[in-house]
Structure formats: C-alpha cells, structure tokens
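Chemist: The structure under discussion is supplied below as structure tokens; questions concerning it will follow.
All of the numbers you see were taken from the coordinates with simple rules; none came from a lab. Predicted model only: the values in this text are computed from it and were never measured. No Cβ is skipped: glycine too gets one built from the backbone with ideal geometry, and neighbour counts run over all protein chains shown.
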Amino acid sequence: MALVEIKSLHKSFGSNHVLRGIDFTVEQGEVVCVIGPSGSGKSTLLRCVNLLETPQEGQVIVRGEDITHPDCHLDEARQQIGMVFQQFNLFPHLSALANCTVAQRTVLKRPAEEADRVARANLERVGLSDKIEAYPAQLSGGQQQRVAIARALSMDPALMLFDEPTSALDPELVGDVLTVMRKLALDGMTMLVVTHEMAFAREVADRVVFMDGGVIVEQGPPAEVIGNPKEERTRTFLRRVLDPTHVEPTP
Amino acid sequence: MSTETEARPADAAPDRPGAINAVPVRHPGRWVAIAVIVVLVAMLVHLLVTNKAFDWSFVFEAMNQQPVINGFLKGTLLVTVLSMVVGVGGGVVLAVMRLSDNPILSGVSWVFTWFFRSIPRYILLFTMGTLGILFPQGIAFGIPFDWKIIDWLGMSGDWRFFTLDANQVFTGLVAGVIGLGLSEAAYMAEIARAGIMSVDPGQAEAAEALGMSRGKVMRRVVLPQAMRVIVPPTGNETIAMLKDTSLLLAVPVIGELFYQLQSIGSTYYKTFPIAVAATLYYLAATSVLMVGQYFLERHFGRGFGNKAPRAARPAGAGGA
C-alpha cells in the first residue's frame, strides 16, 4: 500500500484553477522531488498533502486513511506528516530546543524528559547540538532551517514534506541544509520535496515529478526526467533552470 | 586637473593633510533652552514652597487618613486590578471570537464591542448602579423561563437553585468592577485583535502542521507572540483604568480615593490641598505601573529584536 495516494485533486483560489486533476502516489521510503516553473502548483500540491490547503475535489489518502473526509481527525493525521517551510516558520519566542519539544509535549503528551531527549537527538542529527539554547533570531537562515527539520523529525513522522526548503537561503548556506536532507534520505525517510535544486533532485530522488499548469506533465527516475526529458515543456523548463543565461531562439 | 588626479594615487600618503584645528560644534539653541527652563523650574519650586495655598502639612495629613488609604487600596488599586482582569480576559476571548470563522461568534463580539465602546464610562457606571430596578425579585440561577414551563406542565413551585438580591449585586464595588470590566473588554478586544493579526500566518501553519489543535495553536504559539504587541497598549489601558476608578463616584461607590479626600476637603474648607493629595496618589501609583510594564515588555519581547535573552549566548553569524 502506498504511503500517500492522491486521487484527481483539484484546487482553485477564486477563479485561479491551480491544481487541475493530480493523481500520484508516494511509496514507503521513497524520495520524490517535485519540480516545475513557479505558479505550476507544486507548492499547493504539497500543502494539500497535510491539508494546509483544502482541495475542492479529489482525495488525499495517507496510510489508507482519507484525510479529506470530514470525519477524519486531521490533527492526528498531521502528526505523522512533518513539514518544512520555505520561510522556516520557527517559533521566535521559543529556543531551538523548545521549538522541538512544544508539539511533543502538547500533542503527543510525551513527558518532559523524553521530549527533551528526542529533541536533543534530532538537533544533533542536523548538526546543531551547540545551538540548543539559541533563539531563532540568533541563528543564520541555514541553522534555522535545520532546527525546523529537527522540529518536524521530533514528532517521529512517517513522511516529511519540504516546501522549497533552500529557496530563502543565501547560496553558501544551501549546502548544509541539503546535506541534512541527503542524510535523511539515506536513513530511509519518505520524503516529498518541492525544489529548484536540480543537482539534489538528480542525486537523491528516486523519482522526479515535473509539474506545469496545474498538471503532472512527466514523472520518472531523475536520469530520465532531468537527463532525457520526453516532453517539450520539461525540456524548455530545464534549459532555463540549468542554463539561466541561455536565450531562446526566436522562431 | 587631469595630471593632479593621476598623480594622487602614487603619492597619496605623503599628501595627506595635517590634523585640522577642530572646534566642537556649537549649540547656542540648547543654552537658550536651558536658561529658559532653569528660570521656569525656579519659579515652580518657589511657588510650591512659598505659596500658602498648598498647605503641605494638611496635604500629607489628608493622605494619611485611614478612609483615604482604604479608598486608595480598595477603590483604586483593587478595582483597577479586578477590572483589568475582567477586561483583558474578556478582550482576548472577544478578539478570538471576532477572528473566528463562525459568523455568529464574530457577530456577537462585534455587537458587544459596538455597545460598550459607545457608552461613556461615567454613564455606564451610573447605569450599573441603577440596574437593580430591572430585577425587583432578585437574580435567580436555575432553568430559564421555568415559570412558563411549570405552568405549561401544570405543575407548581420553581426550578431555581439560588437567588441574589439584585440591589446588592448592582451596587458599590461589584457594580463598578462589572461596568469598568465590560467597558475595558470592548477596548481590549480591539487591542488583542490587532496583536493576534500581527503574528505571521506561517506561525499558525507551522503549528497546525505539527498536529496542534486550533486552541493549542492559539495558546502556545499565536498568543505568546501577540503579547509583544498587546502589552504596551495594555499598559496604557491599565494606567487609564487607574484614573477611571475615580468615576466610581457615579455608581456611587463611597469607599473610593477621591470621594474620601473630597469629603475631608469639604469638612475643612480646603479644596486645593485635596486636589494636590489626589494628584500625588495617582502620580505614585502610575509610576509603579510603568515599572511593571517595563518588565512585562521585556518578558514578552524575548526572542525578538537585538536584545539577546539572558539565558542564551549570542550566536555567530556563520552557517556552520
């Protein structure tokens, strides 16, 4: 059984039809990278997986449970899905450690010592054991994003969603975050990653999904989708991304 | 000119001009202002010390009377604290209701705020003191419309658990606290709403994504950050409330600071020293409140701005 199964998903913001019928699945242990031009709906798709956006049509099934169903306990479903945001969204009034313990304590009802132990282990996992007491404002962007990853991991999720995790970072800080994500993938974490980092997608992803205009245009192993795309739209996009100075020949 | 500029870089160092004969910037305006203010302060001190109308010994004696001290402790301080508790608690609840998706809750909150912001506090307190007339048989707690239901079922008796005498509820300090508290809640609702809306929506999203319920998101993540915006105007509101307790006279409340001072003043025909005594009391109480506000702001401002929290070391800028 697939970990996540999405069936004919539609989402509009007013008259703007952002997702136009998405069908796809993520298997246990799989790393899927979603690429595509801005406005293609890839972030919206990711946000539909934990229902931060409510789709108008279609189903999102996580571990066999339809979380779009009105009877679904959404808060419980979300506990299994970690999310990392482009803008980190760390809680600025809490230290790095407290950022990682607050949901463990209040949602999972873990005792203080256990929450503390899990949080410290995950902060160490992302290489920040020396920043445990620091507040988010005292950390660089790359460090903040790694705390955000540790915060999500502290809930022991079955699936991690990454919404352009490196897009808000200075270029020299991107590497640290990608290293952490690569390690997570090697540890067997199921990951759904919206990204513009083609090199990362090519190296780490088991499957790459190319979206454009609210539909999945092409998907498959990275060597095929990025290395040898079949669709013209994919080729145009990759030319622009991989060679930004490239000028399209005027027809 | 071109030869000059070209020649410069090569022998720039020897060409550097010597130390200038620096003169501190002069501020003649400041000296004029200081002179004017010194004269004015001297006039004020002279007035305070020599003018017989102040009658300082009477001022301090009046301030020291037991009914006045009681009026200050109960009528001013206690009513301020209780009214602000009602006001802040009610205001936060009203703000959360106002921002809720539920149109009924949001509408109720709007009507409450509209009603209580429209009434001057003096008139509201006066009304509170007279509300007892609405309930000549007292205020009963029990099944609503019990006499209708009992009549309809053909039974007798009543379904009331206990009854309060309305004329005792709507009198004195209780009426004052209810009136001031409800009025304050209406203003605090707007302040709390502004505070909640100042928190980045990404914060609530991150908390929801961790599986927190709506209530937990509000209590654990949104409100603690909103407090940073809510506390400074709440300090203002508390200071305003402290002064508005003098309106308790409208209820009427007799055990109140200014009423007690006035009654001393009218007994001894000394009105002005009484005004000075009241001013000194309010100055002292407001100063204490401002110190408290400073510490509250520091507490809720942690994690924001340049001031590092005491517990944590400042972190390096590097991404290592």
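Chemist: Using the Cα atoms as the points, what is the convex hull volume per residue of segment A:2-242 in Å³?
Modeler: Expressed per residue, the convex hull around the Cα atoms of segment A:2-242 is 125 Å³.
Chemist: Separate question: Over all distinct Cα pairs, what is the inverse of the mean 1/r for segment A:1-118, reported as the Kirkwood hydrodynamic radius in Å?
Modeler: Averaging 1/r across every pair of different Cα atoms and inverting gives 16.1 Å.
Chemist: Related question: Extending each Cα 7 Å along its Cβ direction at A:Asp130 and B:Val49, get the distance between those two points in nm, one decimal.
Modeler: With each label point 7 Å from Cα toward Cβ, the separation is 6.3 nm.
Chemist: Then there's this: Tally the DSSP beta bridges in the protein assembly as shown and give the antiparallel ones as a percent, rounded to 5.
Modeler: Antiparallel bridges make up about 60 percent of those DSSP assigns within the protein assembly as shown.
Chemist: Treating the angle as unsigned and between 0 and 90°, give the value, to the nearest 10°, between the Cα long axis of helix B:172-197 and the longest Cα principal axis of chain B.
Modeler: 40 degrees
Chemist: A further question follows. For chain B, what does the helix formula give at 222 nm: sum of -39500 (n - 2.57) over DSSP H segments with n ≥ 4, over the residue count, nearest 500 deg cm²/dmol?
Modeler: Theoretical 222 nm ellipticity from helices: -20000 deg cm²/dmol.
Chemist: Right, another one. Can you give the average number of partner chain beta-carbon atoms within 10 Å of each beta-carbon in peptide A:163-175, as a whole number?
Modeler: Mean partner-chain Cβ count within 10 Å for A:163-175: 1.
Chemist: Exposure proxy check: A:Arg78, A:Arg182 ranked by fewest other beta carbons within 10 Å?
Modeler: Lowest to highest Cβ neighbour count: A:Arg182, A:Arg78.
Chemist: Arrange the following residues from fewest to most other Cβ atoms within 10 Å of their Cβ: B:Val288, A:Val209, A:Val118.
Modeler: Listing B:Val288, A:Val209, A:Val118 from fewest to most nearby Cβ atoms yields B:Val288, A:Val118, A:Val209.
Chemist: In units of 2.2 N^0.38 Å, what is the alpha-carbon radius of gyration of segment B:16-80?
Modeler: Ratio of Cα Rg to 2.2 N^0.38 Å: 2.32.
Chemist: Please report the projected area of segment A:101-165's Cα convex hull averaged over all directions, in nm².
Modeler: Quarter of the Cα hull surface area: 4.6 nm².
Chemist: From the alpha carbon gyration tensor of segment B:120-235, can you work out the equivalent ellipsoid semi-axes (sqrt of 5 times each eigenvalue) and give them in Å, largest to smallest?
Modeler: 41, 24, 10
Chemist: Name the residue, out of B:Ile119, B:Ile34, B:Ile274, whose mean-square fluctuation peaks in a Gaussian network model built on chain B with Cα pairs under 10 Å.
Modeler: Answer for the Gaussian network model of chain B: B:Ile34.
Chemist: Right, another one. If you place +1 on the Cβ of every Lys and Arg and -1 on the Cβ of every Asp and Glu, how big does the dipole about the Cα centre of the protein assembly as shown come out, in debye to the nearest 20?
Modeler: Roughly 1660 debye, rounded to the nearest 20.
Chemist: Using the number of other C-beta atoms within 10 angstrom as an exposure proxy, rank B:Met197, A:Met211 with the fewest first.
Modeler: B:Met197, A:Met211
Chemist: Another one. About its Cα centre, what dipole magnitude does segment B:203-313 give when the only charges are +1 on Lys and Arg Cβ and -1 on Asp and Glu Cβ, stated in debye to the nearest 20?
Modeler: 620 debye
Chemist: Sticking with this structure for a sec: Hey, how much of the P(r) for the protein assembly as shown falls beyond 34 Å, as a percent of Cα pairs?
Modeler: 61 percent
Chemist: Restricting things to alpha carbons, find the Rg to Rh ratio for chain B using the Kirkwood radius for Rh.
Modeler: My calculation puts Rg/Rh at 1.19.
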